[in-house]
Amino acid sequence: MDRRTLLKLIGFGALQTTALSFPSSVSAATGKEVRWGYIGESGSENWGNLSPEFQLCKTGIQQSPINLQEGIASVLSPIEIDYKESPLRIVNNGHTIQVNYEPGSSIKLDGQTFNLVQFHFHDPSEHTIEQKPFDMELHLVHRNEAGALAVMGVLLKQGEHNATLQPIWDAFPTRNEPEQVVKTVKVNAEKLLPPERKFYRYFGSLTTPPCSQGVNWIVMQQPIELSQDQIQRFADLVSIDARPVQPLNNRFVLRSM
């Protein structure tokens, strides 16, 4: 059975720890290790039952990801992006491939500076448009001095080989292990953004337990491309790591013009 078929069978698209989380964490309430995943008894539909700290995963009313087709066309201030090169600091944390970023890169959102902490990938995309997922999604996670979070999402679709991604793909750790620093490789997250910088904005949550809310979400309207071989390489290593879309409830989604 291919993974797209499996996603349909588990309901994909039908439907605060930080994004630095590992697939298991120690509960502050019980002191016991809590393991979570994407399917089965520890899967996303059951996250809220795994630990008292995960309650928002089932009770929160501002959860992410969402379907983005209802965006209200709006005049929005552009996101001021100031990304610099960083040595490739890569880790396989058991549920995604994550690149930890050197200090000094940031975005400015609503007059506040949010520093880029890390970026990671989901396959397939977590956000959808017209209820349809893209092949993958990139999340760039930022934090300001007060601890508030802003996550920029970039949708990825099958197309041309992505040369910017390839050095990261070449360095994929094949198992869950501590961060590796590849000093000979530099990454610049700005090269992972689409040329057109129109975006969606809404308030939501992180898409991993404990599903903390109050996250500023910016999702780029234009996807970037990567090859089928690159998609398959990630899928072979990580498999499914996408939370299904959550109810919009009474939130507004804004779409820059």
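Of the residues that sit in the stretch 131-158 and are exposed (fewer than 15 other Cβ atoms within 10 Å of the Cβ) and in a loop (DSSP other than H, G, I, E, B), which one is modelled with the lowest pLDDT? That would be Q131. In the stretch 193-211, the residue that is farthest from L254 (Cα to Cα) out of those that are in contact with a Ser or Thr (Cβ under 6 Å, 6 or more places away or on another chain) and either surrounded by fewer than 20 Cβ atoms within 10 Å (Cβ to Cβ) or aliphatic (A, V, I, L, M) (or both) is L206. Cβ-Cβ contacts under 6 Å between residues 6 or more apart (or on different chains), taken from a first residue in the stretch 38-50 that is of a type in the set (F, W, Y) and assigned to a helix (DSSP H, G or I) to a second residue that is crowded, with 20+ Cβ neighbours inside 10 Å and at pLDDT 95 or above, are listed as W47/W36; W47/F54; W47/C57; W47/P209.
So, S125, is that one touching a Cys at 6+ places or on another chain (Cβ under 6 Å) and either among the hydrophobic types (A, V, I, L, M, F, W, C) or buried (at least 22 other Cβ atoms within 10 Å of the Cβ) (or both) or not?
Numbers: touching a Cys at 6+ places or on another chain (Cβ under 6 Å): no; either among the hydrophobic types (A, V, I, L, M, F, W, C) or buried (at least 22 other Cβ atoms within 10 Å of the Cβ) (or both): yes.
Taking the combined requirement at face value, the residue does not satisfy it.
Listed by first and then second residue, the pairs with beta-carbon distance under 7 Å, at least 6 apart or on different chains, first residue in the stretch 107-121 and within 9 Å of H142 (Cα to Cα), second surrounded by fewer than 18 Cβ atoms within 10 Å (Cβ to Cβ) and at pLDDT below 95, are Q118/L20. If we scan the stretch 12-35, do we find a residue that is under 19 Å from the mean Cα position of the chain (by Cα), at pLDDT 95 or above and buried (at least 20 other Cβ atoms within 10 Å of the Cβ)? The answer is no; no qualifying residue exists.
The values are calculated or read from the model by the stated rules, or taken from the named source; none is laboratory data. What you see is a predicted model, and the numbers here were worked out from it, not measured in a lab. Here Cβ is always computed from backbone atoms with ideal geometry, including for glycine, and neighbour counts include all displayed protein chains.
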